[in-house]
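Asks: One structure is given below, represented as structure tokens, and several questions about it will come after.
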Amino acid sequence: MAGTLAGLALGLAFCLNIGAIQHFLEGLLGVQLFNSDVYMLDAIPALVDPADVTWVAVWSLLMSCVASLPPSWTASRIDPVEALRYE
């Protein structure tokens with residue numbers, strides 16, 4: 001859950017500030033990142049759709065829970081005394 005929330009916060013912060021990040025990198029590197037003659041863009045388009053963000057967050061939480069089931073089932077079959085004997 002912490003990874004999903006951190007990814008959600010960082011992703012939204014990045015998308016909402018993409019113009020400022022682009023200008024910062026251009027000033028830092030001294031090059032124009034997206035030349036309008038080549039890419040036909042004057043800025044990087046970033047559209048944050050709340051429905052898409054919600055679906056991605058829900059699916060990432062669901063897949064995290066599903067991916068943790070096989071190791072949990074395997075660990076539940078191990079006798080704790082046998083597992084700690086060789087530690």
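Derivation of every value follows stated rules applied to the coordinates shown; laboratory data play no part. Since we're looking at a predicted model, the values are computed, not measured. Every residue, glycine as well, gets a Cβ built from its backbone with ideal geometry; the counts of neighbours run over all protein chains shown.
Asks: Report the relative contact order of the chain, percent, no decimals, based on alpha-carbon pairs under 8 angstrom and at least 6 residues apart. All intermediate terms of the calculation are to be shown ahead of the outcome.
Replies: On the way: 28 pairs, mean separation 26.8, N = 87.
31 percent.
Asks: Let me ask you something else. What spacing in nm lies between the two simple spin-label points modelled at Ala67 and Ile18, each 7 Å away from Cα in the Cβ direction?
Replies: A separation of 2.5 nm, rounded to one decimal place.
Asks: Something else now. Can you pull the percent of Cα pairs in the chain with separation above 22 Å?
Replies: Numbers: 2099 of 3741 pairs.
For the chain, the share of Cα pairs beyond 22 Å comes to 56 percent.
Asks: Separation between the Val81 and Ala46 pseudo-spin-labels, each 7 Å from Cα along Cα→Cβ, expressed in nm?
Replies: Taking the simple label geometry, Val81 and Ala46 are separated by 5.8 nm.
Asks: Along the charge dipole of the chain, pointing to its positive end and built from +1/-1 on Cβ of Lys, Arg, Asp and Glu, which listed residue (Leu10, Trp55, Ser72) has its Cα farthest out?
Replies: Ser72
Asks: Could you run the Karplus curve 6.51 cos²θ - 1.76 cosθ + 1.60 with θ = phi - 60° over segment 42-57 and give me ³J(HN,Hα) per residue in whole Hz, x for Gly and Pro?
Replies: Result, ordered by residue: 9, 8, 7, x, 9, 10, 9, 9, x, 5, 5, 5, 5, 4, 5, 5 Hz.
Asks: Measure off 7 Å from each Cα along the Cα-to-Cβ vector at Trp55 and Ala9, then give the distance between these two points in nanometres to one decimal.
Replies: Taking the simple label geometry, Trp55 and Ala9 are separated by 2.6 nm.
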